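Below is one structure, written out as structure tokens; the observations come after it.
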Amino acid sequence: MSSNVQCTALNNAIRAKGYTHSQLADRVGSTPERVTDILSGQAKPTQQEFDSLARTLGVTNPVSSCARYPNLQTSS
């Protein structure tokens, strides 16, 4: 499943920070499985989850959550 633009931005940020999904999950108070599902596009995050991930990863001015535009696809 392809991720949308917002999820791609989060994935780029996690790579830039060098975090594992487990490390990110610890920082946002979630589970590694949930973080993986969100970042892979398999699960739709709540707005609170998306905001927490974006804030932790330093993604500024996110347009919307991954859940709000599920049909927006990136080329992969």
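Among 41-47, 15-21, how do they line up by average Cβ neighbours within 10 Å per residue, starting with the highest? Don't skip to the answer; put the middle values down first.
Details: 41-47: 15.1, 15-21: 12.6.
So the peptides 41-47, 15-21, ranked by packing, come out 41-47, 15-21.
Any idea what % of Cα-Cα pairs in the stretch 5-57 are farther than 16 Å?
25
Since every read-out is calculated from the coordinates, none of them should be taken as a lab result. No experiment lies behind these values; they were computed from the predicted model shown. As a convention, Cβ positions derive from the backbone with ideal geometry for all residues, glycine included, and neighbour counts pool all protein chains shown.
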